[in-house]
Amino acid sequence: MTRTNSRRALPAALLAVGLALAPGTATAAPEDRPHVTIIATGGTIAGKAEGRDTYTSYRAGTYPMSDMLAQIQPEVGAFADVDVVQFGNAGSGGYTIEQYRELTLAVEDALEESDAVVVTTGTDTMEEFAYWLDLTVQNRKPVVLTGAMRPWAAGETAGEAGVLGADGPANLLQAVRLGASGQTYCFGTVLMLNDEIHAARDVTKGNTTRNDTFITRQLGVLGWIDGADVHVQRAPARVLDCAQEEWFTPFDLSEVAAGSLPRTEIVYNYQQAGGEAITAFTEAGVTGIVTAGTGAGGISSAPGQARRAAIAEGVWFASSSRTGSGTVSGGGTGIIAAGDLLPQKARLLLLLSRAFTQDIEQAREWFATLGTPSFDQSALAAVLSPTPGAAPAPEPTPTEPAPEPGATAEPTTAPPAGPPAGEEPPAGEVPGGGEPGGEEAPDGAEPTEAGGAGGTGGPGSADWLPALGAPVQGALTVAALALLVGGTLYAYRRRAFTVAFGE
Ligand code: ASP
């Protein structure tokens, strides 16, 4: 791991000339520029291509970050004072969980001095890097992950033979801009690629090759960057705890000895899947297994049997879905419902849970609450008036006599029907109901009763008709009949005309 400050290493006079000539860059006084550390791990962004027009044939993790950063100077120096930690230079898939632990400590170390950290990685597992850091970094300052879908250059150095349309330089520039802006303070880790900002917990790689590969299904992006303008229009749930100690996760890796993190794995389910993978992982000493089940988490019979045997051996399971979005609920003995976590994210949370507690109920609570928003305003309906200007409804006191029915001046608002806040639906023993037997409830089995234009009192209702009186009703009926007959005659004649003469 090497640390350099490329901006400080530039001759000051050269930098001053560069900053003065850079078009469209508003320069802040050096002492006012936020300090951003780039921690580089490699990936396609540092890739060397075979040719300037070669996007898919390249060697990832080749150029050092100091070399790449020099290519986006002096522009980046106009708004940030940047230094570099070369943590490694490899493809994203080459990193171990032990190295993830070291990366967390490196980020925390950098944030002691810096205002923000940008971590560059390969995009293949960037979402895992991001969620790991989101779960473990004990600092409220911004952490931004970025990388590229196209290699940086095709020359001996990052400054020679730049790949045509390479996205790396722009992504690096914008990631530093986002970190320096401070706008994601208390957001935890975010991922910025292709000018889009995503929450680490929810983002996933959605395409093998496209520059806009990262998507956040169901929830969407947190914001975007247009030129120099950072727009953040949504926040991850943990921002709600910004001022509380609860903002910090329980996973402080400075308390964990090197080499002591447990193994957790993922088993994919499909038609007539076998149970051998679960058995083999259990025999190998794996402490937690995430099942990527079908639909809402179902698994076939054989893995179901193997799961029961593994649970008896003390293995914890997290039940997730292979569908790519949606929630898995329920749980049971030895099984935690992964909620809306994708299997690869659930696996990291299961790993950290096994490292930090022996109590599966504690782990279950972390799965249910860490990073998950809980917006239920229904209780406010009992104490707040729904209309502007009115004072909040007074809370009834035990000394006041109960009001006579119908005697209240103000209409009262009943809370919406539904289970009381915090009450959970009964938990099934097996999430998704898929095992044993693999059967699932058909989607949309419950027909909805109300709604649509036919509901009583809605915009399409005819409740007002009787109020008009018999004579008016009669006149309206005659008028409606006349319209019907006239319209039919007109349509018939027009059709005859069209048949005879064309349009
Ligand atoms: N293709 C990957 C990337 O986009 C390689 C990697 O993940 O290291 O960076």
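Structure values in brief
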read-out: Residue match in the range 113-120 (condition: of a type in the set (Ser, Thr, Tyr), modelled with pLDDT of 95 or more and near the ligand (Cβ under 10 Å from one of its atoms)); value: yes
read-out: Near pairs, Cβ below 6 angstrom, 6+ apart or cross-chain, from the range 44-60 (closer than 12 Å to ASN89 by Cα) to any residue that is away from the ligand (no atom under 12 Å from the Cβ); value: ALA46/TYR63; ARG59/LYS48
read-out: Sole exception among (1) open to solvent by 20 Å² or more (accessible area, probe 1.4 Å); (2) in contact with a Leu (Cβ under 7 Å, 6 or more places away or on another chain) for PHE281, by number; value: (2)
read-out: Top-ranked residue of the range 83-97 - restricted to ones that are part of a strand (DSSP E or B) and either within 14 Å of the ligand (Cβ to nearest atom) or among the charged types (D, E, K, R) (or both), ranked as farthest from ARG33 (Cα to Cα); value: ALA90
read-out: Restricting the range 365-379 to residues that are within 20 Å of PRO343 (Cα to Cα) and surrounded by fewer than 18 Cβ atoms within 10 Å (Cβ to Cβ), the residue that is farthest from the chain's Cα centre (by Cα); value: GLU365
read-out: Pairs, first free of Cβ contacts under 8 Å to residues at least 40 places away in the same chain and of a type outside the set (A, V, I, L, M) in the range 123-149, second in a helix (DSSP H, G or I) and away from the ligand (no atom under 16 Å from the Cβ), C-beta under 6 Å, six or more apart; value: ASN139/GLU108; ASN139/LEU111
read-out: Selected residue [closer than 30 Å to LEU261 by Cα and of a type in the set (Gly, Ala, Ser)] from ALA60, ALA70; value: ALA60
read-out: Sole residue being among the β-branched types (Val, Ile, Thr), farther than 30 Å from PRO169 by Cα and assigned to a loop (DSSP other than H, G, I, E, B), chosen from VAL221, VAL286; value: VAL286
read-out: Hey, VAL230 in contact with a Cys (Cβ under 8 Å, 6 or more places away or on another chain) and either among the aliphatic types (A, V, I, L, M) or farther than 19 Å from ALA368 by Cα (or both) or not; value: no
read-out: Filter result (open to solvent by less than 20 Å² (accessible area, probe 1.4 Å), of a type outside the set (D, E, K, R) and either assigned to a loop (DSSP other than H, G, I, E, B) or touching an Asp or Glu at 6+ places or on another chain (Cβ under 7 Å) (or both)) within the range 160-179; value: VAL163, GLN174
read-out: Matching option when the condition is part of a loop (DSSP other than H, G, I, E, B), surrounded by fewer than 24 Cβ atoms within 10 Å (Cβ to Cβ), away from the ligand (no atom under 16 Å from the Cβ) and at pLDDT 95 or above, among ARG52, ARG101; value: ARG52
read-out: Filter pass, SER325 being among the hydroxyl-bearing types (Ser, Thr, Tyr), more than 27 Å from LYS205 (Cβ to Cβ) and open to solvent by 30 Å² or more (accessible area, probe 1.4 Å); value: no
read-out: Matching residues, the range 133-170, being within 15 Å of the ligand (Cβ to nearest atom), of a type outside the set (S, T, N, Q) and within 16 Å of GLY188 (Cβ to Cβ); value: LEU145
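For (1) crowded, with 21+ Cβ neighbours inside 10 Å; (2) assigned to a strand (DSSP E or B); (3) away from the ligand (no atom under 16 Å from the Cβ), each residue gets a yes or a no:
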{"position": "GLN73", "(1), (2), (3)": "no, no, yes"}
{"position": "GLY77", "(1), (2), (3)": "yes, no, yes"}
{"position": "ASP124", "(1), (2), (3)": "no, no, no"}
{"position": "TYR131", "(1), (2), (3)": "yes, no, no"}
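The values are calculated or read from the model by the stated rules, or taken from the named source; none is laboratory data. For clarity, every value in this text was computed on a predicted model and none was experimentally measured. When we count neighbours, we look across all protein chains shown, and the Cβ atoms used for this are built from the backbone with ideal geometry, even at glycine. Accessible surface areas use protein heavy atoms only, side chains included; no ligands, DNA or RNA. Shrake-Rupley method; radii C 1.70, N 1.55, O 1.52, S 1.80 Å.
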